[in-house]
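Read the structure below first, then the notes.
The values are calculated or read from the model by the stated rules, or taken from the named source; none is laboratory data. These numbers come from a predicted model, not from an experiment. For neighbour counting, all protein chains shown are included, and Cβ atoms are generated from backbone atoms with ideal geometry for every residue, glycine included.
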């Protein structure tokens, strides 16, 4: 029971990775609020979870990219179970895909609004209460073009990169204030969810031939699976991750199970962060 009696808000919690994380949190004893736009999906998820975890789950419909809706939803959440200990920002969309030079810029902005501003709005909503309590865990989602260029996914990759820098910046602000509030991000890998199906459905003209073939192969292999991302989310939400903040951690490639024994070493370095690599860092004599 790593999260016994902890209170968590999970955006995008009615389906995909968010739903898997919600179930893992419930298994670990948490009280969970599912937050998403689709009230029908939320109601079905709540009904299914409540059958196994009665009294531990409810939902609040809201569009994460609309701050007024988030503010109203948060007021309802607080009246139901008080201020949260944990926020998981799992809501996200692919948005417009294709060549940036040919993009409908308004459609391009939609992915920025949901993936970046939706994350920022949720963080800004819960942080005052976490600061007052002096404790909290915020878990964001990145990957998908945040650490390397991803052609034809410019809006998605830009938003996810911004999420990492926001994670680092807010994490450092809170650390400098001496607050036990951790802000970290997860790169979940290529998980077999509706987003992978959407990449395939868009086809090579929109996503590029390399990305399309890779998605087909991932689909055939079953994807990376959401279990590792959910396990990492449980770790980051638990006391085992205390002291770790402002980091982007891969659920697939990083040995995050060993992080508790290396927290000080990690925090004294730029491991798991976005940084510019200088020529001298790569052993070149030129600068």
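Residue count for region 215-240 under the criterion of being without any contact (Cβ under 8 Å) to a residue 12 or more places away in the chain and under 15 Å from residue 189 (Cα atoms): the result is 2. Contact annotation: no residue pair with Cβ atoms under 6 Å, 6 or more positions apart or on different chains, pairs a residue in region 44-64 that is surrounded by 19 or more Cβ atoms within 10 Å (Cβ to Cβ) with a partner that is at pLDDT below 95 and assigned to a helix (DSSP H, G or I). Residues that are over 21 Å from residue 208 (Cβ atoms), out of contact with any helix residue (DSSP H, G or I) (no Cβ under 9 Å at 6 or more places or on another chain), part of a helix (DSSP H, G or I) and modelled with pLDDT under 95: does region 127-139 have at least one? No, that holds for no residue. Scoring residue 251 on the criteria (1) in contact with a helix residue (DSSP H, G or I) (Cβ under 9 Å, 6 or more places away or on another chain); (2) over 16 Å from residue 184 (Cα atoms) leaves a single failure, condition (2).
In this structure, residue 100 does not satisfy being over 20 Å from residue 224 (Cβ atoms), under 19 Å from the mean Cα position of the chain (by Cα) and touching a residue at least 12 places away in the same chain (Cβ under 8 Å).
Contact map, region 241-253: first residue closer than 19 Å to residue 176 by Cβ, second residue part of a loop (DSSP other than H, G, I, E, B), Cβ cut-off under 8 Å, separation 6 or more or different chains; pairs are 246/273; 247/271; 247/272; 247/273. Counting the residues of region 120-147 that are buried (at least 18 other Cβ atoms within 10 Å of the Cβ) and under 26 Å from residue 200 (Cα atoms) gives 7.
For region 154-173, the criterion of being crowded, with 22+ Cβ neighbours inside 10 Å, without any contact (Cβ under 8 Å) to a residue 60 or more places away in the chain and assigned to a loop (DSSP other than H, G, I, E, B) is satisfied by no residue at all.
Checking 85, 129 one by one, the residue that is in the same structural domain as residue 30 (by TED's automatic domain parsing) and in contact with a strand residue (DSSP E or B) (Cβ under 7 Å, 6 or more places away or on another chain) is 85 and no other. The sole residue among 200, 252, 181, 186 that is part of a loop (DSSP other than H, G, I, E, B) and on the phi < 0 side of the Ramachandran plot is 252. Across region 208-229, a minimum of one residue is classified as assigned to a helix (DSSP H, G or I), touching a strand residue (DSSP E or B) at 6+ places or on another chain (Cβ under 8 Å), within 24 Å of residue 13 (Cβ to Cβ) and at pLDDT 90 or above. Within the bounds of region 14-32, is there any residue that is in a strand (DSSP E or B), within 21 Å of the chain's Cα centre (by Cα) and in the same structural domain as residue 238 (by TED's automatic domain parsing)? Scanning region 14-32, I find at least one residue that is in a strand (DSSP E or B), within 21 Å of the chain's Cα centre (by Cα) and in the same structural domain as residue 238 (by TED's automatic domain parsing), so the answer is yes.
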